[in-house]
1. Of the options 148, 61, 112, report the single residue whose Cα projects farthest towards the positive end of the charge dipole of region 53-169 (beta-carbon charges: Lys, Arg +1; Asp, Glu -1).
2. Can you give the net charge of the other residues whose Cβ lies under 14 Å from the Cβ of residue 54, counting K and R as +1 and D and E as -1?
3. Please go through region 1-102 and write out the trypsin sites (Lys or Arg not before Pro) that DSSP classes as loop and that have at most 15 other C-beta atoms within 10 Å.
Amino acid sequence: MLYQYGSAAFGPNPDNMNVITAFAALVQPEASGSLHLSSSDYRVNPLIDSNYYGSPSDLAVELYAYKRLLSILRCDVLKPVVLSEVYPGRNVTSDADVKAALLQGAQSFHHALGSVPLGKVLDSSFRVKGLEDSRAIDSSAIPLPPTCHLQSSVYALAELAANILKQEERYNGTNLTHLIFNQFQIINWLQSQNAIFASSPPV
Ligand SMILES: Cc1cc2nc3c(=O)[nH]c(=O)nc-3n(C[C@H](O)[C@H](O)[C@H](O)COP(=O)(O)OP(=O)(O)OC[C@H]3O[C@@H](n4cnc5c(N)ncnc54)[C@H](O)[C@@H]3O)c2cc1C
């Protein structure tokens, strides 16, 4: 779980009032989503199912974390500064009501990853298995969600891949002209090859 807060409302800011928005985010869900190609025409969007709360334990963990968050924000120590609660509201206390509030208010962090994961679709040099000189180097290559926001992991992955590519170029004279640098391009490319594959989780 990732607990985080922002010093602005995730919605209209009430007038003349300081606001914090606190949230509890499930960054490593148990349920996987899926991404499938729907056509050999690269202009047709792929089918993406994010499958949020696809596992009962994902929802149970989120409920536990959200209740903890509410208990912190509602504790006696914070009462002098937390003057009112915009969402879900202090009257929301039972498990059923808290669950309904989190399902209604839940948003995605947009940490999609793993549509062509290392190990499953890519080899350890980021090459698409079975193809020559076609690689995917971006969040689509990350096989499992890290316990953080994704951008730093994408940078680390790119650094790792750049070192592998530089070494290959130096020692093997590899032709690097066919690199595919993001998941949109690899999807486009695979669709143009009429390939259909299943993937691990967009999160
Ligand atoms: C709303 C939002 C908020 C986020 N907030 C955070 C945050 O606070 N912290 C954090 O760490 N992460 C955050 N993330 C996640 C992070 O931005 C992504 O994980 C990261 O950018 C993924 O990098 P990428 O290179 O895989 O893909 P992208 O950054 O999406 O890069 C894909 C690139 O491909 C280009 N492209 C698309 N189609 C084509 C095509 N047909 N041909 C050529 N190029 C194409 C796009 O223009 C884009 O530049 C957020 C994501 C979103 C959507």
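Nothing in this text is a laboratory measurement; each read-out follows from the coordinates by a stated rule. All of these numbers come straight from a predicted model, not from anything done at the bench. Counting neighbours? That spans all protein chains shown, and the Cβs are built from the backbone with ideal geometry, glycine included.
1. Looking along the dipole axis, the top candidate is 61.
2. Details: positive: none; negative: 30, 49, 58, 62.
Spelling it out: positives minus negatives among the neighbours equals -4.
3. Details: sites: 43, 67, 68, 74, 90, 99; in loops: 43, 74, 90.
Counting only loop positions with at most 15 other Cβ atoms within 10 Å, the trypsin sites (Lys or Arg not before Pro) in region 1-102 are 43, 74, 90.
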